[in-house]
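A short reminder: the numbers here are calculations on the coordinates, not readings from a lab. Because the structure is a prediction, the values reported are computed rather than measured. Positions of Cβ are backbone-derived with ideal geometry, glycine not excepted, and every protein chain shown enters the neighbour counts.
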Amino acid sequence: MVFDRERKGQPPTESDLPAIDAQGWLLGAPRRPSPNCDARPPDTLIDLLVIHSISLPPGDFAGHWIDDLFMNRLDPHAHPYFASIAGTPVSAHLLIRRDGQPIQYVSFERRAWHAGVSSFQGRERCNDYSIGVELEGTETTPFTDAQYRILAACTLSLRARYPAITPERICGHSDIAAGRKTDPGPAFDWRRYRELSRSSSAGGPTPSRTHP
Ligand SMILES: [Zn+2]
């Protein structure tokens with residue numbers, strides 16, 4: 001599995017697609033298991049992908065603070081903003097940093113705590129049945145080429161593993177928590193992302209190579 005974060009502007013090819021192991025972890029991505037997760041309700045079909053954006057403190061892309069937040073070790077005194085969020089048990093399945101590096105905190109098979117109070121097409125509790133991906137960024141700063149590329153590659157891998165995640169069932173946090181959340185925000189170029197993650201660009205979602 002190759003995470004090619006350098007090539008720009010081209011859709012991912014099949015060889016770019018990261019494999020997902022039988023336990024729901026991306027091969028080749030650092031794993032930092034977050035305690036902020038639990039089992040999905042029995043027999044839940046995973047059929048929604050939610051895109052978020054986050055940076056800590058807002059607009060700062062250099063630190064380890066997102067890791068700290070997801071691992072429940074954020075120092076509330078390290079920055080004035082942190083006092084308001086430290087101790088909040090949250091997580092996402094995946095974070096894609098500015099350089100395109102993906103980091104996984106929760107197995108896709110388990111329920112990460114990313115959506116909060118939410119509803120998709122009238123169905124509540126999106127955490128139950130969704131996968132949450134955070135892009136490091138702000139709602140008004142352009143995301144990087146590497147982030148689009150890796151997000152598209154991960155999307156194709158996830159769709160191959162969880163085919164109920166159709167293109168129509170990929171949305172932003174703002175779409176499922178309207179009035180409460182505004183991420184990923186206007187800087188996220190949905191058209192570009194959807195072009196890059198079109199299944200035809202990689203010859204169709206490929207079956208996971210490590211899972212039946
Ligand atoms: Zn969000």
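Quick notes on this one:
- Once segment 179-199 is narrowed to residues that are without any contact (Cβ under 8 Å) to a residue 40 or more places away in the chain and either part of a helix (DSSP H, G or I) or acidic (Asp, Glu) (or both), the residue that is nearest to the ligand (Cβ to nearest atom) is Trp190.
- When segment 106-117 is filtered for residues that are of a type in the set (Phe, Trp, Tyr) and within 14 Å of the ligand (Cβ to nearest atom), only Trp113 remains.
- Conditions (1) farther than 27 Å from Ala22 by Cα; (2) surrounded by fewer than 22 Cβ atoms within 10 Å (Cβ to Cβ): number failed by Gly137: (2)
- Qualifying positions in segment 157-178 - surrounded by 21 or more Cβ atoms within 10 Å (Cβ to Cβ) and in a loop (DSSP other than H, G, I, E, B): Tyr162, Ile165
- Qualifying residue in segment 144-155 (condition: surrounded by fewer than 21 Cβ atoms within 10 Å (Cβ to Cβ), within 18 Å of Asp99 (Cβ to Cβ) and without any contact (Cβ under 8 Å) to a residue 60 or more places away in the chain): yes
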